[in-house]
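The values are calculated or read from the model by the stated rules, or taken from the named source; none is laboratory data. A quick note: this is a predicted structure, and the numbers were derived from the prediction, not measured. Reconstructed Cβ throughout: ideal geometry from the backbone, glycine too, with neighbour counts over all protein chains shown.
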Amino acid sequence: MKQDDAHLIEGCLRKDQRAYSAFYERYAPKMYGVCLRYTRSSAAAEDVLHDGFIKVFENLHRLRDINAVEPWMRRIMVYTAVNAQRKELPLAASGDVDTNVTDDYCNGNEIIAKVDADMVVKVMQQLPASFRTVLNLCEIEGYDFAEVAKIMKTKENTVRSALTRAKQMLVKLLKEY
């Protein structure tokens with residue numbers, strides 16, 4: 001498969017339209033899933049996916065490790081999604097971590113474990129953009145607070161607080177289902 005990727009990438013670098021199409025068809029479904037987690041609708045996810053693939057193709061010559069093509073693309077998609085949502089992203093300026101953690105939040109992992117992944121994604125789309133983005137970046141993509149603060153152009157404590165609130169809201173919405 002990696003050899004196929006190398007072949008496709010070489011074709012894309014030569015601006016071969018068939019290579020572009022094959023590359024897109026191979027990775028679009030996975031990358032669409034990434035985009036969907038950061039947006040409220042499939043149409044918005046498709047827009048982010050389109051913009052992300054333009055960036056991928058424009059920067060493919062910068063890819064250094066053929067074995068890292070998928071994580072490299074994922075990062076581009078995440079940044080594209082976050083930038084697309086930037087208007088909705090301002091986090092509360094307080095920066096204080098919410099110390100009023102409810103029992104629902106503490107039992108959140110149990111609740112989430114009982115719900116299928118599609119339902120979690122559907123419910124996450126109901127979260128405000130800033131909370132959805134922080135939850136995705138921290139819990140799904142695995143970025144640390146410092147990285148998320150840099151991506152979102154805010155303070156680490158603000159990210160911590162937003163993550164706590166996002167989890168509380170997610171648990172509450174899941175309980176309603």
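In the range 48-69, which residues are touching a helix residue (DSSP H, G or I) at 6+ places or on another chain (Cβ under 7 Å), in a helix (DSSP H, G or I) and not aromatic (F, W, Y)? Result: V48, L49, D51, G52, K55, V56, L60, H61, I66, N67, V69.
Does any residue of the range 65-79 turn out to be at pLDDT 85 or above, β-branched (V, I, T), surrounded by 18 or more Cβ atoms within 10 Å (Cβ to Cβ) and out of contact with any Asp or Glu (no Cβ under 8 Å at 6 or more places or on another chain)? Looking through the range 65-79, at least one residue is at pLDDT 85 or above, β-branched (V, I, T), surrounded by 18 or more Cβ atoms within 10 Å (Cβ to Cβ) and out of contact with any Asp or Glu (no Cβ under 8 Å at 6 or more places or on another chain). Pairs linking a residue in the range 163-175 that is touching a residue at least 24 places away in the same chain (Cβ under 8 Å) and surrounded by 18 or more Cβ atoms within 10 Å (Cβ to Cβ) to a residue that is assigned to a helix (DSSP H, G or I) and polar (S, T, N, Q), with Cβ atoms under 9 Å and 6 or more positions apart or on different chains, are A166/S130; A166/T133. For the range 27-44, enumerate the residues that are in a helix (DSSP H, G or I) and either at pLDDT below 95 or within 20 Å of L137 (Cβ to Cβ) (or both). Result: K30, M31, Y32, G33, V34, C35, L36, R37, Y38, S42, A43, A44.
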